[in-house]
Amino acid sequence: MSHSAAPQPMIARRSGPLQGEARVPGDKSISHRALILGALSVGETHITGLLEGQDVLDTASAMQAFGAQVERLGIGEWKVNGVGVGGFAEPAGVIDCGNSGTGVRLIMGAMATTPITATFTGDASLSRRPMGRITDPLELFGCEVTAREGKRLPVTIKGTADAVPVRYKTPMASAQVKSAVLLAGLNSPGETVVIEAEPTRDHTERMLAGFGATITTEKTDQGYVITLQGRPELKPQPVAVPRDPSSAAFPVAAALIVPGSEIRVPGVSRNPTRDGLYVTLLEMGADITFENERVEGGEPVADLLVRHGPLKGVTTPEDRAASMIDEFPILSVIACFATGTTVMQGVKELRVKESDRIAAMVAGLRANGASVDETEDTMTVHGTGALAGGGTAVTHLDHRIAMSFLVGGLASEQPIGVDDGRPIATSFPDFLPLMTALGAQIA
Ligand code: S3P
């Protein structure tokens, strides 16, 4: 991640009513995939609304290293001239994916069935995260993998020239695992099949279909069975990236907890595989209206109107976890301002994100006076309708931990600090000006 060397402490203070329009950035998951599928198509893919966060910029650089031409035309407007399925060139140097689990895992899948060798690395956070969940299924295709102890980065993959198609049941709910296998399946003969017990975000499947691949999803007794026909000729597509519901969650949360607030958040993706937070907030009694529901770039989209109001604690069931996996940190903050207990079930995947997000939230919320419990697989917040604040949260190079606590500080009695705001640039580079424009006091 290319940020300044010194940590950047930030602080959020109790703010007046938030008002205005929050134009949040493009969806991170879709942005990575647009660059990668553009690179795997022959010809020019034109992308608008691309998230220009560091995670996605690192994927853009990686696609160039594999031989694609990637060019920025204007704000969020990019073009990719791809090399086609199986056309990746061997990169001259190490591929540094910075802070991005999605970037490194999807790119590993995309190159594993091409006879080239690549070495992947990342920052301190990414280097702690498990890569065996990706390299294990990729080895089934026939590639060779070398990794640091515990199957961590740096990882070197020697891609295979003779890939065999794979049928793989994912051992955990992970769109990154599913996507890595599907991308490897692109340059394998025959059918590659991924089976998942619960649906995870389906942007890879939607976009592959849009680029001309034959891909189906079937609900069966075994789970969701996704079947991809190998060796398609991917055709370049214009990609209009919708706004990121995971980034929208921060201004939405701020408006819900700061008294008197009313904001609009236009053009947010309402893909059902990403919608769990919004389902949960409505159950909590949140005043959110979804206006102008429409389809843009193959994704359902709506304009959100969000008003402050009373909230009550709820239980989020395990089978909803995948559809809101990145939103539990901010939900745990919102839950402090609700009355009653909020129980988040089936959330152990949070322990292997950019940080152990359960540990980071529990520690930071307790430091700010909240009553919180954890087990390996659950997080529980005993909401009182208020948060004392006055503490500093440790963010562990995790953008969502940083933004969650800064949002909490807008409504807590005393200010809330974070030890380092730099990681926010990975997913939401304009977080500070956007929140400030709504009336938030963050510095
Ligand atoms: C993502 C999948 C999720 C999510 C991440 C983005 C993706 O990770 O947490 O922020 O774009 O596929 P897992 O696949 O590890 O659940």
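Values for this structure:
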| item | result |
| --- | --- |
| Search result, residues across the stretch 174-214 that are away from the ligand (no atom under 16 Å from the Cβ) and of a type in the set (Val, Ile, Thr) | Thr192, Val193, Thr214 |
| Condition check for Thr395: in contact (Cβ under 8 Å) with a residue 12 or more places away in the chain and farther than 22 Å from Gly421 by Cβ | no |
| Conditions (1) closer than 23 Å to Ser412 by Cβ; (2) surrounded by 23 or more Cβ atoms within 10 Å (Cβ to Cβ); (3) of a type in the set (Gly, Ala, Ser); number of the one not met by Gly313 | (2) |
| Odd one out for Tyr224, checked against (1) without any contact (Cβ under 8 Å) to a residue 12 or more places away in the chain; (2) within 16 Å of the ligand (Cβ to nearest atom) | (1) |
| Residue satisfying condition, being among the charged types (D, E, K, R), out of contact with any strand residue (DSSP E or B) (no Cβ under 6 Å at 6 or more places or on another chain) and more than 16 Å from the ligand (Cβ to nearest atom), within set Glu374, Glu354 | Glu374 |
| Any hit, the stretch 236-256, residues being over 23 Å from the mean Cα position of the chain (by Cα), surrounded by fewer than 23 Cβ atoms within 10 Å (Cβ to Cβ) and free of Cβ contacts under 8 Å to residues at least 60 places away in the same chain | no |
| Odd one out for Thr59, checked against (1) part of a helix (DSSP H, G or I); (2) polar (S, T, N, Q); (3) surrounded by fewer than 23 Cβ atoms within 10 Å (Cβ to Cβ) | (3) |
| Pair list, Cβ < 8 Å and 6+ apart or interchain, from the stretch 146-169 residues that are assigned to a strand (DSSP E or B) to residues that are among the hydrophobic types (A, V, I, L, M, F, W, C) and surrounded by fewer than 15 Cβ atoms within 10 Å (Cβ to Cβ) | Pro154/Val94 |
| Residue that is assigned by TED's automatic domain parsing to the domain that holds Asp398, among the hydroxyl-bearing types (Ser, Thr, Tyr) and farther than 18 Å from Glu376 by Cα, where the choices are Thr315, Thr289 | Thr289 |
| Test: residue in the stretch 39-59 that is touching a His at 6+ places or on another chain (Cβ under 9 Å) and charged (D, E, K, R) | yes |
| Residue in the stretch 99-125 that is nearest to the ligand (Cβ to nearest atom), counting only those that are assigned to a strand (DSSP E or B) and hydroxyl-bearing (Ser, Thr, Tyr) | Thr121 |
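The values are calculated or read from the model by the stated rules, or taken from the named source; none is laboratory data. All values reported here derive from a predicted model rather than from experimental measurement. Glycine gets a Cβ as well: all are built from the backbone with ideal geometry, and neighbour counts include every protein chain shown.
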